[in-house]
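Below is one structure, written out as structure tokens; the observations come after it.
No value in this document is a laboratory result; all are computed from the given coordinates. Remember, predicted model here, so these are calculated numbers, not experimental data. Here Cβ is always computed from backbone atoms with ideal geometry, including for glycine, and neighbour counts include all displayed protein chains.
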Amino acid sequence: MLEKELERAGIPTVQICTILPIAQTVGSNRIVKAVAIPHPIGDPNLPADKELALRESIVDKALEALHTTVETQLVIE
Amino acid sequence: MSNKYRVIHFINQFFAQIGGEEKADTPFFVSDHVIGPGMAFQNSLGADFEIVSTFVCGDNYFSENSEKILPEIVEEMKKWNPDILIAGPAFNAGRYGPNCGAICKAAQEYLGIPGVTGMYEENPGVEMYRKNCYIIKTKNSAVGMRTAVPAMTALIKKIAAGSEEPDPEKDGYFAKGIKKNIFVNETGADRAIDMVINKTAGQPYKTEMIMPAFEQISPAPPVEDIKKAKLALVTDAGITDKMNTERLESARASKYLSLSIAGMDTMLPDKFCSVHGGFDTTAANKNPNVLVPLDILRRYVRENKIGSLFNTLYSTTGNGTSLKNAQQFGAEIAEKLLENKVDAVILTST
Amino acid sequence: MLFFFEQSYFIILLVRTTSQQINISINTRGDFLKLEILEHPVNEVLFGDRSKYSNGILILNKEEFSRAILSGTYGDYKLEIQIARPKEDVRIIHITDVIKPSYKPNGPAFPGWTGSTDCCGSEITHQLQNVCITQCFSYSGIQEGIMDMKGKETSYVFFSQLINIVIRPELLTEKIEKKDVASDLVRMNTQAAEYTASLAADSSNAAGTLFDTDNATISGLPNIGYAYYIQAQGPLRNVYIWGKDCTKMKPCMISPVKVLDGAIVSGNYIIACQKNPTYFHQENPVIRSLLARDKKELNFAGVIVSTESSALNDKRENAQRIAEIAKEKGMDGIVITQEGGGHADVDLMLACDACESAGIRVVLIANEIAGPEGNLPPLVSMSSKADAIITTGNNDEILHFPETASSLGGTVMGTRDASEEFDSPLSILYTATNQLGVSKMTTKQF
């Protein structure tokens, strides 16, 4: 709902979240898949360098979503 | 002192037999007579009900002056001490319908009396006012008067009797969209097993929960140049300052926080934590950057991959948050971001 | 309703279970199990010098009871024990869990917690009727749950109708890990439940119910099963099976009779209205009803238990696995329940899709977050195949809570006095919209 209100005001917003079906049903326009609920942008089970790479890839996907023209809904897994 | 239910009937210039479209600017007046369809209603309602007055107003006069005359109408209604208001029925008339809805809503709000009207499903008044009054489903023109009147009076009698709660399906009105918790004879478990037996046998069954569609919002245009963009961070992961000074709730958040991230290159665990009650916050409290990637974004600013970061982090708890609150928070945050010329937002959810 | 049981009547079945953490899968409906639950009625609970049960009166020696409750805990606690009876003008707050007094003469009533030898699901179990143990505890990360013993709100909470033995531990140890607190809370409750029920073990005025499982099915009746989602999201939000943390558990069958006999215990403290307390696992209404209707209107095809994972891929896998197991067991129809909401709604929908795609007819039980007027979307996830849903009520409906004379479990709720009057959504009322289908509540459009 937060994502939609921001988009409604004309601010492109990307939602990074784990449980995609919720964001999809609620109708968020730009969605990027996160790792897991307790650590959406991280993974303490990985060694530090791999975790950093993972985190950067999620942030990069988020920036890409902000830069993309969206018709109805964009989901990046 | 009669024991009859006192009824006010509201109609427009056409049904008051004054004239058609050319008389739509007829100003509001009150008659102590029963006029037009009022007679059919009086007959149908019977001796326990009395239409004590008829309120008349031209469609255009009402629509164009509603802010001024609704208070006048309310004051006038009070003088007649009514128990119930009947408006129309308006069938498919596009001004008459909303006008009937408006007067019914005012009757409920200011006099506490129920309003009953009738409209065709495409009448704009249905969506506008179905929550505020009982709108009986009618045909799309006055040809339907013969069926609208008995349906409306049956509902009025039911409401007056007060022993049974009106039911949109049984009584033929547009569901108000209000849902209430009620108790029935069987437990949820038994009802579920009854339903699965029916469904498996190919017998009819009726779901107790229907999902209306979420409102779809057109996506905002994209950021043109990320390298120049000012980004803001918002989260529903329940982030607060370490002491949770503003007492953000772990569930059913009633507020959102505006946390300063000025001068910070990273989310430090001794400055921030999560109070979200819906997941294990251990990983997040060790390194809040896994909830809000401030460390990466600050570095991207230095590396010129993004323009700048807004120095306030907006945070709430997305655990059992009421959809209404979520909408309100979103709208308020959006306003602040626009004021601060933010170009785009990264929202992190758990 | 008198039932005399004799020593010679015992059927001693040693049921083999695996005690490894990951493989909890044991026992399908194929094993023959015979369990007798003897329910001893309790009309009054009092404190006294000697703990005993006689003629419907339960007397508790506070010191001995406290020692039994606190035995083996990691932390040190101060313990307060009080009684709240139906219609008393009292509000109970900070509720964590409610459990039914239960005791097995030949083994633990809560395997994995009050002992490890196992005759769960067989032999005799003594339980106390009309009474429950209600635990109240204040701790960060635990959601507020309340119930009133008097007034309109009692119609929403099953436990308002019972005599509540309210145990309120207060943590004294300063440095203690969350997982140890989580373990202590469950230990205290299970020990309290066993202690109280053990007092009735020699009593002969119980109503007995025999639970008898076998493989027989009646042709012509539909095979109906049950998929039972539980939460396993770390300390203070774990539901335990055989005393084990289920975070890594994959969907598997579990004996319904064992569920009724203490196999599933709750250490999950979430939004109050949709909590499945241990009591409701012990008395799972879907299982109870399926057993009661077995071989009359349906063939009870068994129970599949699964966790509500916090990762989407796991959710998808679990849902597929549930459908596979259901298909293997020849289920024609299945009822699916969950605990929680939000991302747990997604599990329901994924499982519904997977089962319906496999030709199994699905009915879901869920509560709603439809807003104060009931006009907002009831769930955050939906599927076009979810066309048969039982609703257990709208969490957002606003209730008015009257002033009460006193409160148990604490004196302050958030920033307000616990016994003052206030308005609040139904969601803070403990188990009010419980999604196992305990209550007769539903929602209706107006």
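Considering only C-alpha atoms, what is the centroid distance from the stretch C:87-134 to the stretch B:8-73, in Å?
The stretch C:87-134 and the stretch B:8-73 have Cα centres spaced 68 Å from each other.
Nothing charged except the Cβ atoms of Lys and Arg (+1) and of Asp and Glu (-1): what's the magnitude of the dipole of the stretch C:67-135 about its Cα centre? Round to the nearest 20 debye.
With only Lys, Arg, Asp and Glu charged at Cβ, the dipole is about 160 debye.
Just rank C:SER357, C:SER219, C:SER306, C:SER419, fewest to most, by other beta-carbon atoms within 10 angstrom.
With the fewest neighbours first, C:SER357, C:SER219, C:SER306, C:SER419 line up as C:SER219, C:SER357, C:SER419, C:SER306.
Counting other beta carbons within 10 Å of each Cβ, put B:THR207, C:THR307 in order, fewest first.
The most exposed by this proxy come first: B:THR207, C:THR307.
What is the magnitude of the charge dipole of the stretch B:159-219 about its Cα centre, with +1 placed on the Cβ of each Lys and Arg, -1 on the Cβ of each Asp and Glu, and no other charges, expressed in debye to the nearest 20?
The dipole of the stretch B:159-219 has a size of about 160 debye.
Across the stretch B:8-94, what fraction of all alpha-carbon pairs, as a whole percent, falls in each successive 10 Å bin from zero upward?
All Cα pairs considered, the percentages come to 17, 51, 28, 3.
Note down the nm distance, to one decimal, between modelled labels 7 Å out along Cα→Cβ at C:GLU44 and at B:SER258.
Those two pseudo-labels are separated by 6.2 nm.
Projecting each Cα onto the charge dipole of the protein assembly as shown (Lys/Arg +1, Asp/Glu -1 at the beta carbon, about the Cα centre), which of C:SER183, C:GLY393, B:ILE296 comes out farthest on the positive side?
C:SER183
Within chain C, what's the longest run with no trypsin sites (Lys or Arg not before Pro) in a DSSP loop and at most 15 other beta-carbon atoms within 10 Å? Give the range, please.
The reported range is C:297-384.
Based only on other Cβ atoms within 10 Å, what is the fewest-to-most ordering of A:ASP49, B:ASP265?
Fewest to most other Cβ atoms nearby, the residues stand as A:ASP49, B:ASP265.
Gain in length, B:HIS33 to B:LYS336, computed as 0.36 nm per residue apart minus the alpha-carbon separation, to one decimal in nm?
103.4 nm
Between B:ASN81 and B:GLN108, what is the spin-label point distance in nm, taking each point 7 Å from the Cα along the Cα→C-beta axis?
Rounded to a tenth, the inter-label distance reads 2.6 nm.
Just name one of B:ASN287, B:THR317, B:TYR256: the one whose Cα is farthest towards the positive end of the charge dipole of the stretch B:226-348 (beta-carbon charges, Lys/Arg +1, Asp/Glu -1).
Of the candidates, B:ASN287 comes out farthest on the positive side.
Could you pull out every Cys in chain B that lacks a partner Cys with its beta carbon under 4.7 Å away?
So far as the 4.7 Å Cβ criterion goes, B:CYS57, B:CYS100, B:CYS273 stand without a partner in chain B.
Compare the Cα positions of B:TYR96, B:TYR134, B:SER66 along the charge dipole of the stretch B:5-171 (+1 at Cβ of Lys, Arg; -1 at Cβ of Asp, Glu; about the Cα centre) and return the one farthest towards the positive end.
Of the listed residues, the answer is B:TYR134.
Using only helices, what value at 222 nm comes out for the protein assembly as shown when you add -39,500 (n - 2.57) per DSSP H run of length 4 or more and divide by the total residues, to the nearest 500 deg cm²/dmol?
Value at 222 nm, helices only, nearest 500: -8000 deg cm²/dmol.
Where the eigenvalues come from the Cα gyration tensor of the stretch C:89-135, what are the semi-axes √(5λ) of the equivalent ellipsoid, largest first, in whole Å?
27, 13, 6
Alpha carbons only, please: Rg and Dmax for chain B, in angstrom.
28.6, 86
So if R0 is 45 Å, what FRET efficiency would C:GLN161 and B:GLU21 give, r being the distance between their Cβ atoms, rounded to the nearest 0.05?
0.10
Quick check: from the Cα gyration tensor, does the protein assembly as shown come out rounded (a/c under 1.5), prolate or oblate?
oblate
Between C:GLU421 and A:THR69, what is the label-point separation in nm under the 7 Å Cα-to-beta-carbon projection?
6.1
When chain C is modelled as a GNM with alpha-carbon springs shorter than 10 Å, which of C:LEU46, C:LEU298, C:LEU408 fluctuates the most?
C:LEU46
Nearest 10 degrees is fine. How inclined is helix A:48-67 to the longest principal axis of chain A, computing both from alpha carbons?
Tilt relative to chain A: about 10 degrees.
Under the rule a/c < 1.5 gives rounded, and otherwise a/b versus b/c splits prolate from oblate, where does the stretch B:5-171 land using the Cα gyration tensor?
rounded
Less than 18 Å apart at the alpha-carbon level, and either on another chain or at least 8 residues along: which aspartates and glutamates does that give for B:LYS79?
B:ASP32, B:GLU50, B:GLU109
If R0 is 22 Å, what FRET efficiency do you get for C:SER116 and C:SER71 from their C-beta distance, rounded to 0.05?
After rounding, the FRET efficiency stands at 0.90.
Specify whether the C-alpha gyration tensor of the stretch B:47-123 places it in the rounded, prolate or oblate class, a ≥ b ≥ c being the square roots of the eigenvalues: rounded for a/c under 1.5, otherwise prolate if a/b is larger than b/c and oblate if not.
Oblate.
Mind putting a number on the dipole of the protein assembly as shown about its Cα centre? Charges go on the C-beta only, +1 for Lys and Arg and -1 for Asp and Glu, and I need it in Debye to the nearest 20.
680
Sort out for me the Cα centre separation of the stretch C:166-245 from the stretch B:122-184, rounded to whole Å.
With the stretch C:166-245 and the stretch B:122-184 each reduced to a Cα centre, they are spaced 48 Å.
Quick one: of B:LYS158/B:LYS206; C:LYS78/C:LYS150; C:LYS34/C:LYS104; B:LYS179/C:LYS150, which pairs are farther than 22 Å apart, Cα to Cα?
Those over the limit are B:LYS158/B:LYS206; C:LYS78/C:LYS150; B:LYS179/C:LYS150.
In peptide A:37-50, what is the residue-averaged number of other protein chain Cβ atoms found within 10 Å of each Cβ?
Per residue, the number of nearby Cβ atoms from other chains is 6 on average.
May I ask which of B:LYS176/C:LYS275; B:LYS139/B:LYS324; B:LYS271/B:LYS336; B:LYS271/B:LYS341; B:LYS336/C:LYS248 have a Cα-Cα span longer than 32 Å here?
B:LYS139/B:LYS324; B:LYS336/C:LYS248
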